[in-house]
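The values are calculated or read from the model by the stated rules, or taken from the named source; none is laboratory data. Given the structure is predicted, the values throughout are model-derived calculations rather than measurements. Positions of Cβ are backbone-derived with ideal geometry, glycine not excepted, and every protein chain shown enters the neighbour counts.
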């Protein structure tokens, strides 16, 4: 993947692009007013991440460009701020001050809601194996501005980590988080919404490994939680107790280590 700026870039955008390239091991390529078509010709087959004022935009040949956006997490956040409950937070038993690990972050929609639920004293680690998605999420968490300060503050508190969640979990000490969360959303296309579908081209869609669940149980002080389709055999295969079903096609399973 290469990292560049918009056509009319500012010095700050150049600094951000170079810094992210160094952090991710990617190449920074000066835009020099080249069109996206020209950049694609010069760097055939490579993903292109364009640094923008409020985040970033991801290009891949043959795919629609994708820009960081909080999607439904913003709607859920506004409901939370009105005092309404969130099904995921209720299922996970999130408390203010919790440390939460989202092992399958994608673009971080659930991580954002977890950050709101854990509050100012809480901590959320958002793990993502895909380099393009991690880079897009990293820039979005750092620079996206929704106009709602408490929401933007929740974004800034999240720590995005790049790599396979099994490896990253193995690096964590015993009982170092309160809750560990999995949502392997890309394994089952039936579950995808219009906002999620574009991520499929960039995501790791492998099913969860038993070893990852074992590591999650070691890391979690209180709960390991899995989001899946109702009737999925994954709950039984991985040892989760299914919670109440409600009206949604999606439900949660929990393990109490």
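When residue 113 is tested against (1) in the same structural domain as residue 180 (by TED's automatic domain parsing); (2) surrounded by fewer than 24 Cβ atoms within 10 Å (Cβ to Cβ); (3) without any contact (Cβ under 8 Å) to a residue 60 or more places away in the chain; (4) on the phi < 0 side of the Ramachandran plot, exactly one condition is not met: (2). Under 6 Å by Cβ, and 6 or more places apart or on different chains, what pairs join a residue from region 196-221 that is farther than 14 Å from residue 239 by Cα with one that is modelled with pLDDT of 65 or more and assigned to a helix (DSSP H, G or I)? Listed by first residue and then by second, the contacts come to 202/132; 202/133; 219/169. Tell me whether region 30-42 contains one or more residues that are in contact with a helix residue (DSSP H, G or I) (Cβ under 8 Å, 6 or more places away or on another chain), part of a loop (DSSP other than H, G, I, E, B), touching a residue at least 60 places away in the same chain (Cβ under 8 Å) and surrounded by 12 or more Cβ atoms within 10 Å (Cβ to Cβ). No, because not a single residue in region 30-42 is in contact with a helix residue (DSSP H, G or I) (Cβ under 8 Å, 6 or more places away or on another chain), part of a loop (DSSP other than H, G, I, E, B), touching a residue at least 60 places away in the same chain (Cβ under 8 Å) and surrounded by 12 or more Cβ atoms within 10 Å (Cβ to Cβ). Against the criterion of being at pLDDT 90 or above, surrounded by 16 or more Cβ atoms within 10 Å (Cβ to Cβ) and closer than 19 Å to residue 90 by Cβ, residue 225 qualifies. The set of residues from region 161-181 being surrounded by 23 or more Cβ atoms within 10 Å (Cβ to Cβ), part of a strand (DSSP E or B) and under 13 Å from the mean Cα position of the chain (by Cα) comprises just one member, 181.
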